[in-house]
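Read-outs: derived from the displayed coordinates by stated rules, not from any lab. Since the structure is predicted, the reported quantities are computational estimates derived from the model, not experimental observations. As a convention, Cβ positions derive from the backbone with ideal geometry for all residues, glycine included, and neighbour counts pool all protein chains shown.
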Amino acid sequence: MANPGTPTFDQLRLFLTVVETGSFAAAARKLNRAVSVVSYGIGNLEMQLGLPLFEREGTRRPQLTVAGRAVLAEAHAVAQGIDGLRAKVKGLLEGLEAEVNLAVDVMLPSARLGRVLRAFNAKFPTVSLRLHVDALGAITAHVLERRAVIGVSGPIITGRDIERVAAGTVAMIPVAAPDHALARMQPIPPGATRDHVQLVLTDRSPLTEGRDFSVTSTRTWRLADLGAKHQLLREGIGWGNMPLPMVEADLIAGTLVRLALPDDTGGSYRFSGIWRRDEPPGPAASWLLQQFIDEGARDEDAGPDV
């Protein structure tokens with residue numbers, strides 16, 4: 001049985017670029033090489049593996065063979081591993097960061113954020129911090145677009161560029177002012193929320209723009225600020241889901257009440273620590289992210305995801 005040879009990283013990069021760009025000529029332009037060099041490199045790769053990777057006949061654009069599709073995922077994994085290695089070494093060579101850019105989801109309890117950042121300031125007094133607070137897909141966008149090196153995000157949509165690790169949960173509960181119509185219903189019948197304004201936090205990022213999370217009403221007011229939503233709830237304008245730590249004082253004071261909805265009982269809003277795969281965090285940012293992960297490990301699960 002013949003054993004395949006060992007392809008070079010350059011050959012794998014040529015292969016991935018041809019797949020990405022759709023042609024040998026486009027790959028040559030992107031890599032600033034001659035088309036003949038790209039074709040020769042792909043030919044050598046196929047010889048090393050003992051498999052044809054592209055169907056070249058009967059088509060204007062090279063199409064992956066069955067073997068090519070099977071090799072593609074492994075080639076991606078190798079390339080990502082090399083990129084991660086180079087980025088990690090770059091971080092080690094550069095040493096401690098001068099500044100850390102952090103993006104956190106607005107749902108993250110403020111007390112937790114304060115504890116972690118106070119500890120960070122004590123641990124790294126020479127490192128500056130730039131903090132972004134945003135909602136939903138905007139946290140991932142901050143990291144993808146390199147405005148932040150790490151993020152603590154809620155529900156996210158990610159591709160191959162983002163690494164993630166669980167970083168806790170916060171309980172979300174439906175609330176309204178005590179004089180709101182839903183608060184006066186005992187019990188609240190199924191479907192009753194559809195007839196009342198639901199206050200909904202919106203996303204300013206295209207990653208989850210247009211997607212609704214835990215929306216059950218046909219009448220909605222959409223707000224980009226969680227503090228504004230909190231105030232409008234206390235004014236009795238509508239009902240909505242809120243992170244429990246943010247409304248605990250209201251529940252005790254009676255300025256908001258928890259709604260016993262048969263079709264929306266709340267649940268868990270899950271956090272993830274995120275960073276770009278090709279730009280792993282440096283020493284200070286890694287320490288900071290680990291604090292959020294450790295804090296989140298003590299969270300109690302509040303039920304199904306919201």
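Computed quantities for the displayed model
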read-out: Average Cα contact separation per residue, the range 216-301, under 8 Å, 6 or more apart, as relative contact order %; value: 17
read-out: Residue among 16, 232, 256 with the largest mean-square fluctuation in a Gaussian network model of the chain, springs linking Cα atoms under 10 Å; value: 16
read-out: Alpha-carbon radius of gyration plus Dmax, which is the widest Cα pair, for the range 109-157 in Å; value: 12.0, 34
read-out: Max mean-square fluctuation residue, GNM over the chain, Cα-Cα springs under 10 Å, options 184, 56, 258; value: 56
read-out: Residues 42, 82 arranged by fewest to most Cβ contacts within 10 Å; value: 82, 42
read-out: Rounded to whole Hz, the Karplus (6.51, -1.76, 1.60) HN-Hα couplings of the range 174-191, x for glycine and proline; value: x, 9, 7, 5, x, 9, 5, 4, 5, 5, 8, 7, 9, x, 7, x, x, x
read-out: Farthest positive-ward along the chain dipole, Cα basis, beta-carbon charges - from 131, 192, 165; value: 131
read-out: Size of the range 1-84 as Cα extents on the principal axes (Å, biggest first); value: 34, 33, 19
read-out: Long-range HN-HN contacts of residue 104 with modeled amide H, under 5 Å; value: 132, 133, 134, 152
read-out: Fraction of antiparallel bridges per DSSP, the chain only, in percent to nearest 5; value: 55
read-out: Amide H partners (placed H, <5 Å) of residue 256, local residues excluded; value: 251
read-out: Fraction of the pair-distance distribution of the chain above 31 Å, Cα-Cα pairs, percent; value: 48
read-out: Phi-based couplings in Hz for the range 217-224 (Karplus 6.51, -1.76, 1.60; Gly and Pro marked x); value: 8, 7, 10, 10, 10, 10, 10, 9
read-out: Dipole magnitude of the chain, debye to nearest 20 (Cβ charges: Lys/Arg +1, Asp/Glu -1, about Cα centre); value: 700
read-out: Under-5 Å amide H pairs with residue 63, H placed in peptide plane, nonlocal only; value: 55
read-out: Under Karplus coefficients 6.51, -1.76 and 1.60, residue-wise ³J(HN,Hα) of the range 43-49 in Hz, glycine/proline x; value: x, 5, 4, 5, 5, 4, 7
read-out: Net dipole in debye of the range 1-141 [+1 Lys, Arg Cβ; -1 Asp, Glu Cβ; about Cα centre; nearest 20]; value: 260
